[in-house]
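> The structure that follows is given in the form of structure tokens.
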Amino acid sequence: MKISSVFELLRKVDIVKTVYFNFHYFPIKTAIKLPFFIYWRSELFKMKGKIILDTPVKPGLVRFGIHGLGTQDILYSRTMWEVGGTLVIKGHVSIGRGSKISIGNDNAKLTLGNNFTKVSHLQIIRT
């Protein structure tokens, strides 16, 4: 990755939330690879449940709250995370700004396949 690309990524990704999120959900060997990038204006609620990575782990495997579409209201649109069940990741996932993910109880399970991309305002609620 070029230095300019790293600086551009650091400008968009909330490093504190990214590090916190990864070390909260994953063992150290996985967390240090930063498989989840959490972008600015993303709110993390509950942070219970578990995440299963059913794919090779690499940095930025999942991009949560990513922005870039010109029609998004990036000043006011928040991305929200509230997971209590199980989230299974089967490959590269991009969830755009303004999306909301809520997996209710401990028995709830959501699986996202490889190359799952939703630009913005996705709402998934599973109770």
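> In the range 1-33, which residues are surrounded by 16 or more Cβ atoms within 10 Å (Cβ to Cβ), in a loop (DSSP other than H, G, I, E, B) and either in contact with an Asp or Glu (Cβ under 7 Å, 6 or more places away or on another chain) or modelled with pLDDT under 95 (or both)?
Passing the criteria: only ASP14.
> Condition first: of a type outside the set (A, V, I, L, M), more than 18 Å from GLN123 (Cα to Cα) and modelled with pLDDT under 95. Can you find one or more residues in the range 84-106 that meet it? Break it down into steps so the answer makes sense when it comes.
Keep residues of the range 84-106 that are of a type outside the set (A, V, I, L, M), which gives 84-86, 90-92, 94, 96-100, 102, 104-106.
Subset that is more than 18 Å from GLN123 (Cα to Cα): 90-92, 106.
Filter once more, so that each one left must be modelled with pLDDT under 95: 106.
Yes, the range 84-106 contains a residue that is of a type outside the set (A, V, I, L, M), more than 18 Å from GLN123 (Cα to Cα) and modelled with pLDDT under 95.
> Within the range 42-83, how many residues turn out to be modelled with pLDDT of 85 or more and part of a loop (DSSP other than H, G, I, E, B)?
Here the count works out to 11.
> So TYR39 ticks every box in (1) at pLDDT below 85; (2) touching a His at 6+ places or on another chain (Cβ under 8 Å) but one. Which box is left unticked?
(1)
> Can you run down the residue pairs with Cβ atoms below 8 Å, 6 or more apart or on separate chains, where the first is in the range 78-89 and charged (D, E, K, R) and the partner is in a strand (DSSP E or B)?
Listed by first residue and then by second, the contacts come to ARG78/SER42; ARG78/GLU43; GLU82/PHE45; GLU82/LYS100; GLU82/ILE101; GLU82/SER102; GLU82/ILE103.
> Considering each of PRO27, PRO35, PRO56 in turn, give the residue that is touching a Phe, Trp or Tyr at 6+ places or on another chain (Cβ under 8 Å) and over 22 Å from ILE125 (Cα atoms).
The unique qualifying residue is PRO35.
The values are calculated or read from the model by the stated rules, or taken from the named source; none is laboratory data. From a predicted model like this one, the values you see are computed outputs, not experimental measurements. Here the Cβ is made from the backbone with ideal geometry for all residues, glycine too, and neighbour counts use every protein chain on show.
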